[in-house]
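As structure tokens, the structure follows; a few thoughts come after it.
Readers should treat all values here as calculations from the given coordinates under stated rules, not as data from a laboratory. Not measured: the values here are computed from a predicted model. For neighbour counting, all protein chains shown are included, and Cβ atoms are generated from backbone atoms with ideal geometry for every residue, glycine included.
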Amino acid sequence: MAMTGMRGLSVFISDIRNCQNKEQERLRVDKELGNIRTRFKNEKGLTPYEKKKYVWKMLYIYMLGYDVDFGHMEAVSLISAPKYPEKQVGYIVTSSLLNENHDFLRLAINTVRNDIIGRNETFQCLALTMVGNIGGREFAESLAPDVQKLLISSSCRPLVRKKAALCLLRLYRKNPDVVNVDGWADRMAQLLDERDLGVLTSSTSLLVALVSNNHEAYWSCLQKCVKILERLARNQDVPQEYTYYGIPSPWLQVKTMRALQYFPTIEDPNIRRSLFEVLQRILMGTDVVKNVNKNNASHAVLFEALALVMHLDAEKEMMSQCVALLGKFIAVREPNIRYLGLENMTRMLRVTDVQDVIKRHQAQIITSLKDPDISIRKRALDLLYGMCDVSNAKDIVEELLQYLSSADFAMREELSLKAAILAEKFAPDLSWYVDVILQLIDKAGDFVSDDIWFRVVQFVTNNEDLQPYAAAKAREYLDKPAIHETMVKVSAYLLGEFGHLLARRSGCSPRELFSIIHEKLPTVSTATICILLSTYAKILMHTQPPDPELQNQIWAIFNKYESCIDAEIQQRAVEYFALSRKGAALMDILAEMPKFPERQSALIKKAEDTETDAAEQSAIRLRAQQQTSNALVVTDQRPANGTPPVTQLSLVKVPSMASNADHNSRDQGLTEANGTLSIVDPQPPPADLLGDLLGTLAIEGPPGASVQPGDGIQSEHNVISGLEGLPNEVDGTAIVPVEEHTNSIQPIGNTAERFHSLCSKDSGVLYEDPYIQIGIKAEWRAHHGRLVLFLGNKNTSPLVSVQAVILPPSHLKMELSLVPETIPPRAQVQCPLEVVNLRPSRDIAVLDFSYKFGTNMVNVKLRLPAVLNKFLQPISVSPDEFFPQWRSLSGPPLKLQEVVRGVRVLPLLEMANLFNSFRLMVSPGLDPNPNNLVASTTFYSENTRAMLCLLRIETDPADRTQLRMTIASGDPTLTFELKEFIKEQLVYIPTASHAPAPTATAPPVAQPPSTSTASNDPGALLAGLL
Amino acid sequence: MIRAVMVMNTQGKPRLTKFYDFQSVEKQQELIRSVFGVLCSRAENVSNFVDFDSIFGPDTRLVYKHLATLYFVFVFDSSENELAMLDLIQVFVETLDKCFKNVCELDIVFNYTKMHSILDEIVFGGQVLETSSAEVIKAVKSIG
């Protein structure tokens, strides 16, 4: 066993290896760090060897996960050591330990430059490596010319030049101006004539970076790339050391083909012909062999060739040849090739019309859905989804349903959404569609979002032929012993509306329907109770002649809920009770729901979003995106039931102004009640949609009933926009078609949802539209936060007039580094944002972001996930610590207690998980009562410093919709803010909803929000504008 | 661009890590832990690819190789070809094997400094620098 030259380091590493546990390791590391710190303090006595040894130890400790926040100066100073071994350590450790913005780096620029322009080749290499790893803007400006000189120098050895090429790439990324396009384009072309394959590989990487920003300037390189590819494919003049398992440098082949994908087309027929010859040779000459490494290498080249063929949009013949190859791959033993085969088939579907050829492989793809490897299963699901059409929908959807029961939890939500969409898009007949959705809810209710059942209701409402069938199916499911709550919702809704169509069947009399539905009431949540009440009212209305016994039973229920704590339920109970005493008038008021206007499915939109989430910045993907959206426009227009699309206004039975005014004066009391019903927005989004859906039911009616026209229209409008997932543009006339928007650029995905998901995780996409993707990555430490915004231009032309302004709430100090005015094509810029939390508050910071693309000016206001829980640090406390603290914080304002109602029903374990996800650490068993939860956390802000917060939740097993919560901390504001924050989380859990951006601080209890409470939250105010 | 290279053993202990875009030490550890969490639950004879968006952020891929007691992991974005990355892991491993004659975990543990030199000759600032293990060994030898 070869040993490293430094005995001290080896001894330290074996000590660490001998540690029995993490605690011992920590002690050993602390001892070492203490030692190093003391030795560095009196640096005079330190030999260069010792210094080197200590700095290596620091790097090793850093890798183990301990923060090494000293000794950076020593590491940097080693760079200027005269001898190689010390210098080497200095460069390696500096580039691993420091980031590009570190102040000490600036001090080293001169030394680094001297090493680069000096004559010592090894020093040049070290310096280039460090700059290539962590060089920032300043390095770019001062070193780029020297690095360029090295790269094109004829006296430099390949060892140095290949590093210079990649170093220049880094500097170019930091500041594109350092490469002067006019001067450099010819040089770049010359570099591609290089014979040394090491230098050529690096130069090609540099070329990829350059052409991805500006392909026009590097046109002359295109032919050179094809030449390189020909040389490699024919294995001409390729030295042995660059032949990898018999394949001439697969990396260089791949890179060259990647570079070619950045040129939009190849016009020159000669170049095109030579290129296609090479590609043909690659496609035909690659076989699956026994040697795994050889396979990997040859297929790396092959898959890149496929990508290039797709990009060049080759003749159909070549495409079907590609599909045939892929068909072979998805059946091979080699899992990597199966995986890539499936992935590339999916990609191919998006760019060309090869669906029919791919369909031949359907059986094999379905088999892949059962592959032991989850990576492969996911690719198979994507592909099945992409290749589905009317001809194979039944088979594919049934496979997906079957797979649902055994699928990993990680895949179920995606799986059920995809099955629902396919069933909707390609249903050969609508009863099949209803069957599929009900099966979905039955098998995977937890993973079926509200959009899915809303959509089935819309379909049934709009298709009379379907109504008896759907009602009968719903009735069947109610007989099952345990059904999911979503099934209760959809069955109750369908039977309320269409149950009377089944009247002659056994078990379907109004009384029987009522009793089987009513059986479910004790087990369901508040939102579902609302639906059940509406169902009862509808059953009552449909029972002709009236059944006095049933009537009394239902009235008793309405009576009971008239005093319900939940405002929405209470209101429904009061109104239905009053309405149902109006006798025959009830018939008109509670008449069947009108047809919903035809519109694009919210589900399909959602799927489109998830697809574009992983937007790849390649030309292929860009084109694919355009294609998907075209396809959607087509489905959008497809009338599902043959009836022509109708405008909303024709659907709403609007009373004339005159009669209404007349009526107003007579029956003002009730009008007001109704008015509230339509305006009240009492529930968080998912329930809100529901409220709207049912709200219309009570309001819509002929002039005889007390209705305000404005309300009726607005409410109908709400239903539409709510279900659509489109911004809610409430306007008085409401005749604007929903699809039409003043802003022509629409975000991709639900921006509000993205924000919510970022509240509990630290990286992801904040915003996306067809031109830009804004990603975010955050690190939190005590009351400090560092966010990095990733602004990625998805286009082939630059985004200009880019502006980003932070509107911080008063409790956050935020500093955004300079955002460049232009984002080059397909480039990503990173803008760090520093956050300091001054004091506890739930207010939210907003990013006001704008850019110009072509003639479009886009401006969006985005909430930033610098929310309260990011400044929490979970801490576990023992009973001995907890109880004295708990007692010492006695009573308000430090300790607050509140009974929260309308809580989303969660098993206790899930509630604990929810708390943990927000960094409130639950201590199981600390509270002797198993229905209670106790959690603790530390909150950090500049004012409060580190402050311990304790929390206790007492749930009521008899009524899970309410609980008592007690919060204590050493700061009154903190206690209050934290209490409100937790309340929000308990009442509203962001699910996949498509409601208009909900305000993060939406009042959690079901009470009408007063606009004044929302107005002191800038986040809430601005979110309304989104 | 390659975003990170990790070598860890089958107990999750890091043996060599290098991040090509800066990550705080806490974030590094979190990433190492999540990578290990995913890898240790994967069976033998499955593909070498793992969906990684949820851990490392959008547009990231992960390719790994499991050899004896070690995982070799490369994390990178869509500008790289997955199989070519897998080949590069193989080059890295073959180079180590040539340097240490039948490389085992202990060689890697005790030759920490040399591991860095070797990796720096293969991956440079997140880009592929050299793909010929003969050339890598030549370069590492010349710098001692």
(request) Pull out the extension gain between A:Thr47 and A:Ala324, defined as 0.36 nm times the separation in residues minus the alpha carbon to alpha carbon distance; nm, one decimal. (result) 93.0 nm
(message) I need to check one value: relative contact order of the stretch A:751-866, counting alpha carbon pairs closer than 8 Å and at least 6 residues apart, in percent.
(response) 25
(request) Mind checking the full-extension length gain between A:Glu317 and A:Gln885? Use 0.36 nm per residue of separation minus the Cα-Cα distance, one decimal, nm. (result) 196.9 nm
(message) Calculate the FRET efficiency for A:Asn120 and A:Arg945 from the Cβ-Cβ distance with a Förster distance of 51 Å, rounded to the nearest 0.05.
(response) 0.50
(request) Just need the relative contact order of chain B here, percent rounded to a whole number, with Cα pairs under 8 Å and 6+ apart. (result) 24
(request) For the stretch A:40-137, just say rounded, prolate or oblate: build the C-alpha gyration tensor, square-root its eigenvalues into a ≥ b ≥ c, call rounded for a/c under 1.5, and beyond that prolate if a/b exceeds b/c, oblate if not. (result) oblate
(request) Pull out the extension gain between A:Ile109 and A:Arg360, defined as 0.36 nm times the separation in residues minus the alpha carbon to alpha carbon distance; nm, one decimal. (result) 84.2 nm
(request) Could I have the simple spin-label model distance between A:Arg187 and B:Ser34, label points 7 Å from Cα toward Cβ, reported in nm to one decimal? (result) 4.0
(message) For the stretch B:2-143, what does the convex hull of the Cα positions come to per residue, in cubic angstrom?
(response) 109
(request) Bin all alpha-carbon pair distances of the stretch A:449-590 at 10 Å intervals from 0 and give each bin's fraction as a whole percent. (result) 12, 44, 38, 7, 0
(request) Grab the other residues whose beta carbon is less than 12 angstrom from that of B:Phe76, score K and R as +1, D and E as -1, and report the net. (result) -3
(message) What whole-number distance in Å separates the alpha-carbon centres of the stretch A:817-858 and the stretch A:74-104?
(response) 33
(message) Please report the net charge: other residues with Cβ closer than 14 Å to the Cβ of A:Asp30, K and R +1, D and E -1.
(response) 0
(message) For B:Gln11, project a label point 7 Å along Cα to C-beta. Then give me every residue of the stretch A:5-29 with its amide nitrogen under 14 Å of that point.
(response) A:14-26
(request) For every other residue with a beta carbon closer than 10 angstrom to the beta carbon of B:Gln23, add +1 if it is Lys or Arg and -1 if Asp or Glu, then tell me the sum. (result) -1
(message) For a bin width of 5 Å, list the pair-distance distribution of the stretch A:751-866 built from all Cα-Cα distances, rounded to whole %.
(response) 2, 12, 23, 25, 19, 11, 6, 2, 0
(request) On a C-alpha basis, how far is the centre of the stretch A:534-560 from the centre of the stretch A:746-782 in Å? Whole number, if you could? (result) 48
(message) I'd like to compare A:403-414, A:305-316: which one has the highest average count of other Cβ atoms within 10 Å, and what's the full order after that?
(response) A:305-316, A:403-414
(message) List the lysines whose Cα sits under 17 Å from the Cα of A:Lys861, skipping any in the same chain fewer than 8 residues away.
(response) A:Lys852
(request) In whole Å, largest first, what are the principal axis extents of the Cα atoms in the stretch A:88-224? (result) 44, 28, 21
(request) Bin width 5 Å, alpha-carbon pairs only: give the P(r) of the stretch A:871-986 as whole percents, running from 0 to the bin holding the largest distance. (result) 2, 12, 24, 27, 21, 11, 3, 0, 0
(request) Please give, to one decimal in nm, the separation of the simple spin-label points placed at A:Asp479 and A:Trp219, each 7 Å out from Cα toward the Cβ. (result) 7.5
(request) Any chance you could check the Cα centroid distance between the stretch A:149-204 and the stretch A:429-474 for me, in angstrom? (result) 61
(request) Please work out the FRET efficiency for the pair A:Arg511 and A:Gln570, using the Cβ-Cβ distance as r and a Förster radius of 30 Å; give the result to the nearest 0.05. (result) 0.70
(request) Starting from the stretch A:773-846, pick out the GluC sites (Glu not before Pro) whose DSSP state is loop and whose Cβ has at most 14 other Cβ atoms within 10 Å. (result) A:Glu821
(request) Please give, to one decimal in nm, the separation of the simple spin-label points placed at A:Arg581 and A:Ser406, each 7 Å out from Cα toward the Cβ. (result) 6.0
